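Asker: Here's a structure for you.
Only the coordinates and a few stated rules stand behind these numbers; no lab work does. As the structure is a computational prediction, the values presented were derived from the model and not from experiment. Cβ atoms come from the backbone with ideal geometry, glycine included; neighbour counts cover every protein chain shown.
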Amino acid sequence: MLRALRRNQLGATLIALQIALTLAIVSNSLFIITQYVQHMRTPTGIDEANIFTFSNAWVADQTDLAARIEADLAAMRALPGVIDVEATDTFPLSGYGWGWGLRVRPEQQYPTAGANRYYVDDHALSAYGLQLIAGRWFTPQEVRPTTLNDSYASFPEVIVVTRELAKQIFPAGGALGQIVYFNPQNPARIVGIVERAQTPYMGYHEDNSSFEPLQFVDNQLYYIVRTRAGQLAQVMRSAPQRLYELTRQRVIQDFRPFSATRRQAYLEEQVNTVLLAVVSALLLAVTAFGVIGLTLYWVAQRRRQVGVRRALGARRIDILLYFHTENLLIAGSGCILGIVLGLAGNAWLLFRVDGLTRMSPGYICIGALLVLGLCQLAVLWPALRAASIPPAIATRGL
């Protein structure tokens, strides 16, 4: 068998290299796909299944915006099937928001942790469906208005933070009741901690969110509407009609359930996942067909040799084992090289793909076993053809 492989070094080497490259590329592609899928399943911390959002802007009289917002909120909260409604400038996965650094001491030069700022009122806890795990939510007396112009200069005296943000600011625990600083002149006390609230954008520290009792007042804002289970579609039909009854001098846009927001936020990762899956499938198919083609070529070359072996008493199973063993040597060599190339490729990707983690050697070893199994399966049909060669073929040409 080894002598036969030496006589066909070029074909065996090319197939081994093809298997190695396929394993290296496919293993890294599938690892990235796994990372994407896990990321796309990241929970936001809100009641996603029962929330829809839309933007609202008045096109005529824009005076007394605070009263107009309160009237809209009261009208939608009175709709059947509505749990609560919130008016804000941003929300999880919206794609934009405000960030700020929090410090544990006023004299710190650099923040202890960065946090997204959510401007909310006393209804936000129920409107978002957040899970409060410690402390309390804001009271109506603590909520005060803020506008787009003073958002960077308006800081509250109390805040609610996510558990992850609390852990980063106070690693030893006990964040509830502690004082943090937006800047030396603006301290704030942590009065509550929620389990999770994803930031509007995806990337580093996606769960670092802070909620501040600031009612956003602006002509362009978002309404967050949470409905009772099973009544999302009904409320989505009735909410715009109720708002237009108050005034038709408004523009309502981006009207969609939160599931559509999630799909839009992860659209790039979904597309990349599909592309990587297609490329991986094509590479595996090309490799399998390469093994089939090479084995068929060798079977055609060795028809008389196989016939001689059959005439000398070799069974069909012996011919099958011969070609499978030969292919196992080639594919095994390719998989060993592929493991090395795959781990090296993953180390290279770590510096070029944000959020990618190091691939476990066990992961690529499992991939190698799957590729090896595919190659052994690919050689089955040519090996069966070889095993069906009759012993009489050995006497031809004599």
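Asker: Could you tell me the distance between the Cα centroids of the stretch 36-75 and the stretch 152-171, to the nearest Å?
Answerer: Each part's Cα centre sits 22 Å from the other's.
Asker: Quick one: order R103, R352 by neighbouring beta-carbon count within 10 Å, fewest to most.
Answerer: R352, R103
Asker: State which helices in the chain qualify, where a helix is a whole DSSP H run, it must extend 24 Å or more along its own axis by its Cα atoms, and its mean Kyte-Doolittle hydropathy must be at least -1.0.
Answerer: Span-like helices here: 9-40, 267-301, 316-349, 361-378.
Asker: Need the C-alpha centroid separation for the stretch 180-201 versus the stretch 97-139, integer Å.
Answerer: 3 Å
Asker: Based on the mean of other Cβ atoms within 10 Å per residue, sort peptides 233-240, 28-35, 162-169 so the most packed one is first.
Answerer: My ranking of the peptides, most packed first, is 162-169, 28-35, 233-240.
Asker: For a label point 7 Å from the Cα of A78 along Cα→C-beta, name the residues of the stretch 227-256 whose backbone N is under 11 Å from it.
Answerer: 246
Asker: A follow-up question, please. Considering Cα pairs under 8 angstrom that are at least six residues apart, work out the relative contact order of the chain and quote it in whole percent.
Answerer: 28 percent
Asker: Taking a quarter of the surface of the convex hull around the Cα atoms of the stretch 61-248, what do you get in nm²? Kindly include the intermediate steps, with their values, before the conclusion.
Answerer: Values: hull surface 45.3 nm².
Quarter of the Cα hull surface area: 11.3 nm².
Asker: Let me have the 222 nm mean residue ellipticity of the chain computed from DSSP H runs of 4+ only, each contributing -39500 (n - 2.57), with the sum over all residues rounded to the nearest 500.
Answerer: Roughly -16000 deg cm²/dmol at 222 nm, from the helical runs in the chain.
Asker: Can I ask one more? Send over the semi-axes of the stretch 251-396's equivalent ellipsoid, whole angstrom and largest first, taken as the square roots of 5 times the C-alpha gyration tensor eigenvalues.
Answerer: 48, 19, 11
Asker: Using the number of other C-beta atoms within 10 angstrom as an exposure proxy, rank I336, I389, I159, I317 with the fewest first.
Answerer: Exposure proxy ranking, most exposed first: I317, I336, I389, I159.
Asker: Could you give the C-alpha radius of gyration of the stretch 5-112 expressed as a fraction of 2.2 N^0.38 Å, taking N as the number of residues it contains? If you can, show how the numbers build up before the last one.
Answerer: Details: Rg = 27.9 Å, N = 108, 2.2 N^0.38 = 13.0 Å.
Output field value: 2.14.
Asker: How much FRET efficiency would the formula 1/(1 + (r/R0)^6) give for N183 and V251, where r is the Cβ-Cβ distance and R0 is 41 Å, rounded to 0.05? Could you put the intermediate results ahead of the total?
Answerer: Values: r = 37 Å, r/R0 = 0.89.
Efficiency computed from Cβ-Cβ geometry: 0.65.
Asker: Follow-up. Non-local amide H neighbours of R256 (under 5 Å, H modeled in plane, Pro and chain starts lacking H): which ones?
Answerer: Hits under the 5 Å cutoff: T53.
Asker: If only Cα atoms are counted, what is the Rg of the chain, and what is its Dmax, in Å?
Answerer: So, for the chain, Rg and Dmax equal 32.1, 106 Å respectively.
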